[in-house]
Amino acid sequence: MKSNNKLVSTSKFLSLVLRHRPEVIGVQLDPEGWLCINELIAQAGAHGKALTLELLHDVVATNDKKRFALSDDGLRIRASQGHSVSGVELNLEQKTPPEILYHGTVAAFLDSIRATGLQKRSRHHVHLSPDEETATKVGSRRGKPIILRIAADTMHRDGHKFYLSANGVWLVDAVPPTYLTFSD
Ligand code: HQG
């Protein structure tokens, strides 16, 4: 098993390539976000980033948020959510959400969220967490976390589509303010 630093730096590199900017190593993701592992290793190497199959398998297996998944045949890799790159559609199945989901954010965004609801900003979806603990971690990336509750069940019954990523993140297009509870 590789050192933690190596795993984390490889995860960050994979997030860059598989979610945001595949062009930095001259590759294109397929329409569902997959990239051939052989091509990834070759192109990363050509751009000064040494990767091995073993290292990629270690990152997929040990990544704290299970950010990356292998195809069933083991030949391709993709990010399970979090994309901003255009032209990728994960084609996840719609799923019925639990009654309540959570979103971790920070105070600076609250006025805007109260006015317009949750919006996806640069990513392809708004990301919602299944529990408060996870939402707290998400919010903490930006400062003191504030946890919003989303009436997911009601929203779903009103016709909004919910998707569940392979790594347990709930994805929606937007959350209108009426479904949000602000705890402060
Ligand atoms: C905020 C990480 C103003 C929203 C995490 C968030 C997650 C608004 C930011 C995943 C707004 C977008 C996603 C509005 C939303 N006005 N601000 N109307 N609507 N916002 O990073 O949910 O480590 O795109 O509250 O764990 O923070 O990358 O989304 O603060 O799962 O794998 O706009 O990223 O995972 O930020 O995080 P993001 P997020 P990874």
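Numbers for the structure displayed
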{"item": "Matching option when the condition is exposed (fewer than 14 other Cβ atoms within 10 Å of the Cβ), of a type in the set (A, V, I, L, M) and assigned by TED's automatic domain parsing to the domain that holds K161, among A46, A135, A107", "result": "A107"}
{"item": "Neighbours by Cβ (under 6 Å, 6+ apart or cross-chain): first from region 28-47, over 20 Å from D58 (Cβ atoms); second assigned to a strand (DSSP E or B)", "result": "L29/L35; G33/R78"}
{"item": "Only one of G159, G117, G168, G143 that is of a type in the set (G, A, S), within 11 Å of the ligand (Cβ to nearest atom), farther than 24 Å from A79 by Cβ and out of contact with any Leu (no Cβ under 8 Å at 6 or more places or on another chain)", "result": "G143"}
{"item": "Every residue from region 90-104 that is outside any strand (DSSP E or B) and either in the same structural domain as W170 (by TED's automatic domain parsing) or at pLDDT 95 or above (or both)", "result": "K95, T96, P97, P98, E99"}
{"item": "Residue within region 66-79 that is in a helix (DSSP H, G or I) and either on the phi > 0 side of the Ramachandran plot or free of Cβ contacts under 8 Å to residues at least 24 places away in the same chain (or both) present", "result": "no"}
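The values are calculated or read from the model by the stated rules, or taken from the named source; none is laboratory data. Since we're looking at a predicted model, the values are computed, not measured. Methodologically, a virtual Cβ is constructed for each residue, glycine included, from the backbone with ideal geometry; neighbour enumeration extends over all protein chains shown.
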